[in-house]
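Since the structure comes first, as structure tokens, the remarks are kept for the end.
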Amino acid sequence: MTASNLVPVPIPDRVAVMIGSCMPAHVLHAEIEAECAAREVHRFRGPLCTEDRADREHALSALARANKVLAAYNPGLTVRPDRAR
């Protein structure tokens, strides 16, 4: 039986630390930044007031900056704002 790509599989903390130790620190920081920005973008749905639009645009720009770093390291690490987690 194979796991679906849509179901996140938790990994033990020690494994996450081992994986993270193989990546440069700026890439790890960009990965965290991208995940946070994607969650922030996902919060804003429906009709938005001016302040919410500005906040959403700020989160999208943070996501774009983080994705630029991630894509330079490995294009498969980029995060999309509509990806459900």
### Message
With the requirement that a residue be of a type in the set (S, T, N, Q), at pLDDT 95 or above and either touching a Lys or Arg at 6+ places or on another chain (Cβ under 8 Å) or closer than 25 Å to Val7 by Cβ (or both), what does the stretch 29-85 give you?
### Response
Asn67
### Query
Among Val27, Val69, Val41, Val17, which is the only one that is in contact with a His (Cβ under 8 Å, 6 or more places away or on another chain) and either loosely packed, with under 11 Cβ neighbours inside 10 Å or part of a helix (DSSP H, G or I) (or both)?
Val69
### Message
So for the stretch 75-85 (the condition being under 10 Å from the mean Cα position of the chain (by Cα) and touching a residue at least 60 places away in the same chain (Cβ under 8 Å)), does at least one residue qualify?
### Response
yes
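If we keep just the residues of the stretch 44-64 that are among the aliphatic types (A, V, I, L, M) and loosely packed, with under 14 Cβ neighbours inside 10 Å, which is farthest from the chain's Cα centre (by Cα)? Can you show your working first?
Filtering the stretch 44-64 for residues among the aliphatic types (A, V, I, L, M) gives 48, 54, 59-60, 62-64.
Restricting the remaining residues to those that are loosely packed, with under 14 Cβ neighbours inside 10 Å gives 48, 54, 64.
Details: Leu48: 23, Ala54: 20, Ala64: 10 Å.
In this case the residue turns out to be Leu48.
The values are calculated or read from the model by the stated rules, or taken from the named source; none is laboratory data. Note that this is a predicted model, so its numbers are computed, not measured. No Cβ is skipped: glycine too gets one built from the backbone with ideal geometry, and neighbour counts run over all protein chains shown.
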